[in-house]
Amino acid sequence: MYNKQIEALPLEKLRALQSERLVALVTRLYRDVPFYKKQLDDAGIQPGDVKSIADLQRLPFTRKTDLRDNYPYGMFAKPMEEVRRIHASSGTTGKPTVVGYTQNDLDIFDEVVARSLMCAGARPGMKLHNAYGYGLFTGGLGMHGGATKLGMAVIPVSGGMTERQLTILQDFKPEVMCCTPSYAQTLSEEFAKRGIDTRDLAVQYAVLGAEPWTEAIREQVEAGLNVTATNIYGLSEIIGPGVSQEDFEEKGTGSYVWEDHFFPEVVHRDTGEPLPYGEEGVLVFTTLTKEAFPLLRYWTNDICSLHYDKNAKRTHVKMSAIKGRADDMLIIRGVNLFHTQVEEVIHEFDFLSPNYKLIVEREGTMDTVKVEVETTKGVDYQNNTFKTQLREKIKNTIGLSMDIELKSPGSIPRSQGGKLSRIEDRRG
Ligand code: DLL
């Protein structure tokens with residue numbers, strides 16, 4: 001553990017710490033951010049009404065539209081003289097979301113990423129091949145700061161230029177690498193294409209995140225790169241990478257949320273009602289300690305569930321893998337669909353590789369989905385039996401009839417370094 005005192009803090013003490021931090025946060029927000037003063041006044045809540053973390057559920061949500069309405073700096077709680085860095089995430093539509101950090105915020109960022117890296121298997125003295133993009137995206141600089149804090153040597157490769165990535169992975173001998181899962185797929189395939197045996201690499205751990213992924217991709221990447229791959233989750237609005245992290249020895253049991261800084265809730269996507277542990281809904285975060293850009297009950301739109309794992313090393317709550325973003329969910333003939341559900345079905349067939357794309361079209365008033373998926377090497381992609389097997393499995397598990405097109409290996413677009421969109425929406 002990077003910070004045993006906090007990561008293994010007994011739950012009672014964690015709650016007391018969260019309560020103390022929430023009370024201070026609400027006081028700061030009411031005093032320093034006009035948007036929050038109005039929000040709280042409108043809800044009939046005064047700072048003194050909030051006495052513990054249990055009162056959080058009475059407070060209003062903050063949504064992405066609130067950030068847009070206050071673009072670029074209207075939600076900042078500190079004067080620019082105290083801000084030391086600005087990041088932004090490019091929205092799919094309109095203006096980016098702008099976030100700021102004081103020096104203290106940057107220190108917290110380093111701390112949670114250092115914790116995450118250690119949880120992923122990294123240790124001081126190791127080298128990190130950092131293939132997250134450097135720039136306005138929080139991935140590159142975020143991982144960089146945390147790795148430095150942990151005592152690693154950072155190789156700031158950034159995303160893209162795949163040929164160079166392969167050379168550096170071979171010659172610089174990093175023990176840890178980080179990038180998006182889709183780019184890890186690309187790197188693994190490129191090594192294979194060149195006949196390079198990845199058992200000769202020094203890399204042992206891959207820290208993958210920034211987009212949804214399932215066990216299908218974990219298997220491909222772990223085998224292809226000869227690594228242990230874990231999930232790192234985060235978003236710019238909350239801090240960047242390092243909001244939660246999966247432990248390399250507890251794979252598949254969810255990712256620890258560093259809840260001394262980021263308090264998570266899962267709520268019903270229509271009513272906003274808090275849901276019990278284990279139930280799936282929208283993930284909502286309150287930043288308990290951030291100074292420049294603190295947020296109350298921020299509606300991430302990411303779909304997952306929370307649970308406490310009694311067999312775990314740490315006391316913090318775990319979140320399940322993200323199924324997708326609520327705004328990326330397809331509604332096909334009344335059935336809700338995330339692309340990760342199709343990915344899970346693909347995983348069940350040895351003749352398929354997790355390189356796929358969903359194509360959504362509208363025929364009259366009906367939406368249709370076509371799955372384009374590559375077969376594994378040496379498999380006949382024109383074999384209709386395989387197609388039928390996949391179609392039926394999807395129909396039985398997801399409840400939707402989909403067109404299937406099996407493709408030859410290498411024919412579906414790959415990640416060139418960053419996040420990869422696996423849905424092509426042709427509905428116009
Ligand atoms: O993607 C921060 C990050 C960088 C996380 C590097 C992990 C590693 P944004 O660009 O603001 O920030 O995008 C945040 O990406 O709301 C999720 O929808 C998605 N996302 C991030 N991590 C995961 C993950 C960074 N591990 C948005 N699994 C979030 C699934 C993820 N989705």
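Odds and ends about this structure:
- Screening the stretch 260-296 for residues that are in contact with a Gly (Cβ under 8 Å, 6 or more places away or on another chain) and not hydrophobic (A, V, I, L, M, F, W, C) and picking the one that is surrounded by the fewest Cβ atoms within 10 Å (Cβ to Cβ) gives HIS268.
- Check on ILE155, in contact (Cβ under 8 Å) with a residue 12 or more places away in the chain and touching a helix residue (DSSP H, G or I) at 6+ places or on another chain (Cβ under 9 Å): yes
- For GLY278, the conditions (1) within 18 Å of SER255 (Cα to Cα); (2) within 16 Å of the ligand (Cβ to nearest atom); (3) small (Gly, Ala, Ser) all hold with the exception of (2).
- Residues of the stretch 251-279 satisfying the condition of being charged (D, E, K, R) and either touching a strand residue (DSSP E or B) at 6+ places or on another chain (Cβ under 6 Å) or farther than 17 Å from LEU17 by Cα (or both): LYS251, GLU265, ARG269, ASP270, GLU273, GLU279
- Considering the conditions (1) open to solvent by less than 70 Å² (accessible area, probe 1.4 Å); (2) farther than 30 Å from ALA122 by Cβ, ILE6 is excluded by exactly one of them, (2).
- Residues that are within 13 Å of the ligand (Cβ to nearest atom), farther than 12 Å from TYR73 by Cα and surrounded by fewer than 20 Cβ atoms within 10 Å (Cβ to Cβ) within the stretch 83-119 comprise SER89, SER90, GLY91, THR92, listed in sequence order.
- Checking TRP299 against (1) open to solvent by 20 Å² or more (accessible area, probe 1.4 Å); (2) within 16 Å of the ligand (Cβ to nearest atom); (3) in the same structural domain as THR368 (by TED's automatic domain parsing), the condition it does not meet: (3)
- Counted residues, the stretch 46-77 - those being open to solvent by 50 Å² or more (accessible area, probe 1.4 Å) and small (Gly, Ala, Ser): 2
- Residue that is least open to solvent (accessible area, probe 1.4 Å) [pool: residues in the stretch 218-243 that are more than 14 Å from the ligand (Cβ to nearest atom) and closer than 24 Å to LEU337 by Cβ]: GLN220
- Some residue of the stretch 136-158 being open to solvent by 10 Å² or more (accessible area, probe 1.4 Å) and of a type in the set (S, T, N, Q): yes
- The single condition among (1) exposed (fewer than 15 other Cβ atoms within 10 Å of the Cβ); (2) within 27 Å of the chain's Cα centre (by Cα) that ILE359 does not meet is (1).
- With a requirement of 3 or more residues that are modelled with pLDDT of 95 or more, the strands (runs of 3 or more DSSP E) lying completely within the stretch 232-338 that satisfy it span 240-246, 255-257, 262-267, 281-287, 298-304.
Let's see how each residue does on (1) out of contact with any helix residue (DSSP H, G or I) (no Cβ under 7 Å at 6 or more places or on another chain); (2) among the hydroxyl-bearing types (Ser, Thr, Tyr); (3) within 23 Å of LEU208 (Cβ to Cβ); (4) outside any loop (DSSP other than H, G, I, E, B):
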| residue | (1), (2), (3), (4) |
| --- | --- |
| LYS370 | yes, no, no, yes |
| VAL373 | no, no, yes, yes |
| PHE386 | yes, no, no, yes |
| ARG391 | yes, no, no, yes |
| LEU400 | no, no, no, no |
| GLU405 | yes, no, no, yes |
| ILE412 | yes, no, yes, no |
| LEU420 | no, no, yes, no |
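- Flag for TYR36 being part of a loop (DSSP other than H, G, I, E, B) and of a type outside the set (Asp, Glu): no
- Within the stretch 185-217, being among the hydrophobic types (A, V, I, L, M, F, W, C), more than 16 Å from the ligand (Cβ to nearest atom) and in a loop (DSSP other than H, G, I, E, B) holds for ILE196, LEU201, ALA202, VAL203.
The values are calculated or read from the model by the stated rules, or taken from the named source; none is laboratory data. This one's a predicted model, so the numbers in the text were calculated from it and none came from an experiment. Neighbour counts are summed over all protein chains in view; Cβ atoms, including those assigned to glycine, are modelled from backbone coordinates with ideal geometry. What goes into the accessible areas is simple: the full protein's heavy atoms, side chains included, and nothing from ligands, DNA or RNA. Shrake-Rupley method; radii C 1.70, N 1.55, O 1.52, S 1.80 Å.
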